[in-house]
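Here the structure comes first, spelled out in structure tokens, and everything after it is commentary.
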Amino acid sequence: MLADLHTHTNASDGSLSPDDLLDRASAAGVTLLAITDHDTTAAYATLTAPKRAALRLIGGIEFSTFWQRQGVHIVGLNIDPDHAAMHAACTSQRAARQQRAEAIAERLRKQGVSGAYEGAASFAANDNIGRPHFAAYLVSIGAVTTAQQAFRKYLGGRHDAAGLDHWAPMPEVINWIRGAGGTAVLAHPSKYGLTHRKMNALTRAFRDSGGEAIEVVSGGQSEELTRTLAQLCQRHELAASVGSDFHEPGKAWAALGKMPALPADLQPVWDLW
């Protein structure tokens, strides 16, 4: 089985439609797939042909939240996208995302960047505006030359921390996922820039709040990082998940189905279902 349990469509900040994502995943040999758009399950409602030969699609989402003034992402897997708890969660996060987008635009205005909200919205396929859309706008007007530079100068670190209070806290997010019948997964734990001690503290808080798995593999990564995250997974007695974090074609480090395999001594998250 080839599982990819972290992917995005144009319902959030990916470039492909949900149907195109499924076609591409099927062509890549993926047999277990989750669409995990940011704070929305809209992709599932827009699929015109959800069945693909040899491809099992499960419900998924990626929620934005925080822990100790640190932005964190929690993936929900095997959820019911139509569950009342999930509809309520997405409504709450949609309002938070709107408030956050307005706050980012105002912050950029004070830094001399005008029209940021409208500019970011023009890069979003819907009202689910996120930081990548602001980054695209900043590149388009020549304020920066790359999206990475946009995050360093305008959107990441202390800039992002200013908007964390818009999100629901981590225990509430985990309860949303569990309420919709799903499994809460700590997404890409190595990408938060935390020390070893803080990463253990975050993982412990996540587990104690009802979290059940972490992404041991997130896209292309080194064997050393896989071993480190496998140890973290075992230390906290969690299941292990794997995903590409695919957003668009052409990014080799986040290509559909192109990830290292989970270490054999870990419990795969799908064993929980």
### Summary
Being outside any helix (DSSP H, G or I), surrounded by fewer than 23 Cβ atoms within 10 Å (Cβ to Cβ) and either of a type in the set (K, R) or not assigned by TED's automatic domain parsing to the domain that holds M259 (or both) narrows R94, R56 down to just R56
### Task
For residues that are surrounded by 21 or more Cβ atoms within 10 Å (Cβ to Cβ) and either among the small types (G, A, S) or in a strand (DSSP E or B) (or both), tally how many sit in the range 67-86.
7
### Query
Which of the residues belonging to the range 76-112 are over 20 Å from A168 (Cα atoms) and basic (K, R)?
R107, R109, K110
### Query
Quick check, is G182 in contact with a Gly (Cβ under 7 Å, 6 or more places away or on another chain) and either closer than 19 Å to L5 by Cβ or among the β-branched types (V, I, T) (or both)?
yes
#### Entry: Selection from the range 18-53 of residues that are part of a helix (DSSP H, G or I) and either among the β-branched types (V, I, T) or out of contact with any Phe, Trp or Tyr (no Cβ under 9 Å at 6 or more places or on another chain) (or both)
D19, D20, L22, D23, S26, A27, A42, A43, Y44, A45, T46
### Task
Among the residues of the range 110-151, write down those that are under 22 Å from G71 (Cβ atoms) and charged (D, E, K, R).
K110, D127, R131
### Task
Output the number of residues of the range 108-120 satisfying the condition of being out of contact with any helix residue (DSSP H, G or I) (no Cβ under 7 Å at 6 or more places or on another chain) and in a helix (DSSP H, G or I).
2
### Query
Of the residues A120, A150, which is crowded, with 18+ Cβ neighbours inside 10 Å, under 30 Å from L47 (Cα atoms) and among the aliphatic types (A, V, I, L, M)?
A120
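Residues checked against (1) modelled with pLDDT of 95 or more; (2) under 24 Å from A254 (Cβ atoms):
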| position | (1), (2) |
| --- | --- |
| D37 | yes, yes |
| I58 | yes, yes |
| S64 | no, yes |
| V75 | yes, yes |
| M86 | yes, no |
| A105 | no, no |
| G115 | no, no |
#### Entry: Selected residue [more than 24 Å from A120 (Cβ to Cβ), within 11 Å of the chain's Cα centre (by Cα) and of a type in the set (A, V, I, L, M, F, W, C)] from L5, L47, L33
L5
### Query
Applying the selection to the range 6-42, what residues are within 11 Å of L57 (Cα to Cα), crowded, with 23+ Cβ neighbours inside 10 Å and touching a helix residue (DSSP H, G or I) at 6+ places or on another chain (Cβ under 7 Å)?
L33, I35
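The values are calculated or read from the model by the stated rules, or taken from the named source; none is laboratory data. Just so it is clear, the model here is predicted, and its values are computed rather than measured. A quick note on method: Cβ atoms are made from the backbone with ideal geometry, for glycine too, and the neighbour counts reach across all protein chains shown.
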